[in-house]
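Novice: Structure incoming, see below.
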Amino acid sequence: MFVSDCTSVTNSFSLLHEASTQLGSVVTQKFDEAVRAEDLASVERFFKIFPLLGMQNEGLVKFSLYLCSKVMLVTRNPF
C-alpha cells in the first residue's frame, strides 16, 4: 500500500514538473513573440508571469534586453 502511494506521488510530481517546464517554454515563446510584434501589453503580461513560475531571473533578463533595445532606438532617433 505504501509503495503504491509513493509511486503515485512520484508520478504526480513528475507530471507536475513536466507541466511547469512546458508552461515556462510557452511563456518564454509568447514573450518573445510579443517583443517581435511590439505588443507592449502582452510583453508586460508575460513578464509578470515569469516570477510565478520561478523564472524571475530569466524574466528580468528578457525584459531588460527589451527595455535596452527600446532605449537604444530612442537615442538613435531622438526626433
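The values are calculated or read from the model by the stated rules, or taken from the named source; none is laboratory data. For clarity, every value in this text was computed on a predicted model and none was experimentally measured. Quick reminder, even Gly has a Cβ in these numbers, built from the backbone with ideal geometry, and neighbours come from all protein chains shown.
Novice: Tally time: how many residues in segment 13-57 are among the aliphatic types (A, V, I, L, M), part of a loop (DSSP other than H, G, I, E, B) and over 8 Å from the mean Cα position of the chain (by Cα)?
Specialist: 1
Novice: So S4 passes all but one of these: (1) modelled with pLDDT under 95; (2) among the polar types (S, T, N, Q); (3) in contact with a helix residue (DSSP H, G or I) (Cβ under 9 Å, 6 or more places away or on another chain). Which condition number does it fail?
Specialist: (3)
Novice: Out of (1) exposed (fewer than 10 other Cβ atoms within 10 Å of the Cβ); (2) modelled with pLDDT of 90 or more, the odd one out for F79 is which?
Specialist: Result: F79 fails condition (2) only.
Novice: Do you know which of the residues in segment 61-79 that are part of a helix (DSSP H, G or I) and aromatic (F, W, Y) is farthest from I49 (Cα to Cα)?
Specialist: From segment 61-79, those part of a helix (DSSP H, G or I) are 61-76; that's our starting set.
Okay, now just the ones that are also aromatic (F, W, Y), so 63, 66.
On the way: F63: 12, Y66: 16 Å.
Applying the filter and picking the extreme gives Y66.
Novice: Against the condition aromatic (F, W, Y), touching a helix residue (DSSP H, G or I) at 6+ places or on another chain (Cβ under 8 Å) and surrounded by 10 or more Cβ atoms within 10 Å (Cβ to Cβ), how does F13 come out, does it pass? Steps first, answer last, please.
Specialist: Details: aromatic (F, W, Y): yes; touching a helix residue (DSSP H, G or I) at 6+ places or on another chain (Cβ under 8 Å): no; surrounded by 10 or more Cβ atoms within 10 Å (Cβ to Cβ): yes.
The answer is no for F13.
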